[in-house]
Amino acid sequence: MTTFVELSTKAKMPILGLGTWQSPIGKVRDAMKFAIDIGYRHFDCAYVYQNENEIGNAMEEKIEEGVVTREDLFVVSKLWCTFHEKSLVKEACQNTLAALKLAYLDLYLMHWPMGFKAGEELFPADENGMIIPSDTDFLDTWEAMEELVDAGLVKSIGLSNFSCEQIERLLKKPDLKYKPVNNQIESHPYLPQEELVNYCQSQEISVTAYCPLGAPNWPRGEDFCLLDDPKIKEIADKHSKTSAQVIETFVCVLSPFKVFDFELTKEEMETILSFKRRYRICSLSM
Ligand SMILES: NC(=O)c1ccc[n+]([C@@H]2O[C@H](COP(=O)([O-])OP(=O)(O)OC[C@H]3O[C@@H](n4cnc5c(N)ncnc54)[C@H](OP(=O)(O)O)[C@@H]3O)[C@@H](O)[C@H]2O)c1
């Protein structure tokens, strides 16, 4: 069974990671400590989740207890959209590092390709509730992120929520210094994004799937019932597994990794790929 993916920098990223979105203050510290105790080493954080300080406390405690060393951990965080201006990128990264109590990040992602108006508000909106954009081009933001690698603040840099066209534009940047090592995207049976996954792999860009189970705690339409989908349930029953295990296996195979003790047949993969529901959970529709 595979446990790591080798990034184009040769760094090893554990395939399964703990996401920290919606992990509330007051609970995330214990969740992190428990996760470290049971063997999680890859942690997915972000400035916008507003819980990095507690996550940092948990990692610090576990390092002090001698349970893990910093080098055992693979810590990811993300540059929020209000910090896309070149002059804001380094301080944004330093703030995340200070909250996480780390000297460096293993991977720093541009959370979204589009920037928002700089300022205190995470989602600056106009009177109609529409986001006020920043006019910074993500190519310029990327240059500032490259400087973070040179300054030793991050080991590698990557993308999140980038489409094929946007990645291609970045890869064609004439003076590109560092290629993105990863693109973190929504991927689950109702939005597999297999074309994007294949494109990233053809460019040696690893893919991290988010919302693999369809973010069951996030509000959505009544027609979204991924964990109760009868076709998935049928496949799960055949393997004596849960629907969640079938979905995780499906998402891993797309990437393509084997992490569980059972495999889906070609027909089962095709059944799930044929759903074609194209249901996007993180649509940032505003
Ligand atoms: N880059 C981006 O823009 C972006 C966007 C969204 C997410 N992410 C990252 O991706 C991570 C994962 O996304 P996600 O949290 O939406 O993932 P998800 O795996 O789709 O949903 C996680 C939730 O599923 C529930 N769950 C776990 N196992 C289950 C099971 N066996 N049966 C039923 N429910 C189960 C848990 O609920 P309970 O906690 O109630 O047990 C958990 O909170 C996030 O935490 C974040 O780090 C990134």
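The values are calculated or read from the model by the stated rules, or taken from the named source; none is laboratory data. Please read these numbers as outputs of a predicted model, since none were measured by experiment. Glycine also receives a Cβ, built like all others from the backbone with ideal geometry; neighbour counts cover every protein chain displayed. SASA here: full protein model, heavy atoms, side chains in, ligands and nucleic acids out. Shrake-Rupley method; radii C 1.70, N 1.55, O 1.52, S 1.80 Å.
Points worth noting:
- Looking at Lys10, Lys78, just one residue is within 15 Å of the ligand (Cβ to nearest atom), of a type in the set (Lys, Arg) and closer than 25 Å to Asn183 by Cβ, and that residue is Lys78.
- Restricted to the range 135-213, the set of strands (runs of 3 or more DSSP E) holding at least 1 residues that are open to solvent by less than 10 Å² (accessible area, probe 1.4 Å), among the charged types (D, E, K, R) and closer than 18 Å to Trp80 by Cα comprises 182-186.
- The residues of the range 205-214 that are under 13 Å from the mean Cα position of the chain (by Cα), within 11 Å of the ligand (Cβ to nearest atom) and of a type outside the set (Ser, Thr, Tyr), listed by number, are Ala209, Cys211, Pro212.
Residues are listed down the side, and each one gets a yes or a no for (1) closer than 24 Å to Leu109 by Cα; (2) aromatic (Phe, Trp, Tyr):
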{"residue": "Ser206", "(1), (2)": "yes, no"}
{"residue": "Ala209", "(1), (2)": "yes, no"}
{"residue": "Trp218", "(1), (2)": "yes, yes"}
{"residue": "Gly221", "(1), (2)": "no, no"}
{"residue": "Cys225", "(1), (2)": "no, no"}
{"residue": "Pro230", "(1), (2)": "no, no"}
{"residue": "Gln245", "(1), (2)": "no, no"}
{"residue": "Lys258", "(1), (2)": "no, no"}
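- The range 264-278: number of residues that are aliphatic (A, V, I, L, M) and either within 21 Å of Phe4 (Cα to Cα) or open to solvent by less than 20 Å² (accessible area, probe 1.4 Å) (or both): 2
- Residue check for Phe34: open to solvent by 20 Å² or more (accessible area, probe 1.4 Å), aromatic (Phe, Trp, Tyr) and either without any contact (Cβ under 8 Å) to a residue 40 or more places away in the chain or within 16 Å of the ligand (Cβ to nearest atom) (or both): yes
- Qualifying positions in the range 239-253 - among the aliphatic types (A, V, I, L, M), open to solvent by less than 50 Å² (accessible area, probe 1.4 Å) and farther than 22 Å from Thr20 by Cβ: Val246
- Qualifying residue in the range 256-263 (condition: in a helix (DSSP H, G or I) and either at pLDDT below 95 or open to solvent by 80 Å² or more (accessible area, probe 1.4 Å) (or both)): no
- When residues of the range 222-238 are limited to those that are in contact (Cβ under 8 Å) with a residue 24 or more places away in the chain and within 16 Å of the ligand (Cβ to nearest atom), the one surrounded by the fewest Cβ atoms within 10 Å (Cβ to Cβ): Phe224
- Failed criterion for Val181 (all others in (1) away from the ligand (no atom under 16 Å from the Cβ); (2) under 15 Å from the mean Cα position of the chain (by Cα) hold): (1)
- Scanning the range 270-280 turns up no residue that is within 30 Å of Asp150 (Cα to Cα) and away from the ligand (no atom under 16 Å from the Cβ).
- Restricting the range 241-255 to residues that are farther than 18 Å from Thr208 by Cα and in a loop (DSSP other than H, G, I, E, B), the residue that is nearest to the ligand (Cβ to nearest atom): Thr242
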